[in-house]
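Before any comments, here is the structure.
Please treat every number below as a calculation from the coordinates, not as lab data. As the structure is a computational prediction, the values presented were derived from the model and not from experiment. Note: ideal-geometry Cβ built from the backbone for every residue, glycine included; neighbour counts use all protein chains shown.
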Amino acid sequence: MNGGSIILMGIKHCGKSTQGKLIASKLDLAFYDTDDVIAALTGKSARDIFSGQGEAAFKDAEICACRHVAGIVKKDGGRAVIATGGGICNNAPALEVLRPLGAFVFLIAPEQVAADRILKEARTRPDGTPENLPAYIAKKNPHSMDEARRMFHEFYEERTRLYAGIADCSVRMENDSKQANADRIISFINRS
């Protein structure tokens, strides 16, 4: 790795936390998950803050979490692996806090895989409408799982463009073992 931290970005369920822990272990670096830091600092999950207090409150909590992590990383030598929340691409102040720490790495999950992982957590009400969806889908009030999947497609396309524009490098998550994907990310970063 060419110095600095590895900051993992990507859509929810693309593997940021899983890969981050593996990479940190392989490189003997500290690992931080900004969603976990939000929970530690506020006593609430990112999802609870977003759904209960709104997007602005969530973004503020994310900025605070990024500042907290940045302070620790700078104090401890400037190198770590950081997994960010899936919506950080829409939080410019949080990105500005993390940018000086290292390289932004966009983990590209295939759309079908990401959709399946996200919708696996959803449930269907007796009337056929889905519940327990991420806020960005739930706020559009889908009437079926198929409709939720179509909404996810639009979201996936938009987020992919945003992440690609922010990232220093992009690594496609292959249908392979977690270890093999971690090795591929490290190799790609070393070549960058």
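Taking 25 °C and 0.890 mPa s as the conditions, I'd like the Stokes-Einstein D for region 130-175 in µm²/s, using the Kirkwood hydrodynamic radius from alpha carbon pairs. Don't skip to the end; give the middle numbers.
On the way: Rh = 12.1 Å.
Diffusion coefficient, whole number: 203 µm²/s.
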Where in the chain are the DSSP H helices whose alpha-carbon span along the long axis reaches 27 Å or more and whose Kyte-Doolittle mean is at least -0.5?
55-75
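State to the nearest 20 debye the size of the charge dipole of the chain about its Cα centre, where the only charges are +1 on K and R beta carbons and -1 on D and E beta carbons.
Numbers: 26 positive and 24 negative charges, 62 e Å.
Using only the charged Cβ atoms, the result is roughly 300 debye.
Nearest 5 percent is fine: what portion of the DSSP beta bridges confined to the chain is antiparallel? Intermediate values should be presented prior to the final figure.
Values: 2 of 18 bridges.
Antiparallel bridges make up about 10 percent of those DSSP assigns within the chain.
Averaged over every viewing direction, what's the projected area of the C-alpha convex hull for region 70-156? Give it in nm², one decimal, please.
6.9 nm²
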What spacing in nm lies between the two simple spin-label points modelled at L27 and Q112, each 7 Å away from Cα in the Cβ direction?
3.1 nm
Set the bar at 23 Å for Cα to Cα. Now go through K75/K178; K59/K140; K140/K178 and name every pair that lies beyond it.
K75/K178; K140/K178
Taking the alpha carbon gyration tensor of the chain, what are the square roots of 5 times its eigenvalues, largest first, to the nearest whole Å?
28, 20, 14
Inter-site label distance for E174 and D146 at 7 Å from Cα along Cβ, in nm
3.5 nm
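Under the 0.36 nm per residue contour assumption, what length would be gained going from the current alpha-carbon distance of T124 and F188 to full extension? Could you put the intermediate results ahead of the total?
Working: separation 64, 0.36 × 64 = 23.04 nm, distance 4.04 nm.
Going from the current span to full extension adds 19.0 nm.
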Check: C-alpha center region 14-47 vs C-alpha center region 74-113, spacing in Å is 11 Å
Looking only at I166, I23, I63, which one moves most when the chain is put into a Gaussian network model with springs between Cα atoms under 10 Å?
I166
Pairs of alpha-carbon atoms within less than 8 angstrom and 6+ residues apart define the contacts here; what relative contact order does the chain have, in percent?
31 percent
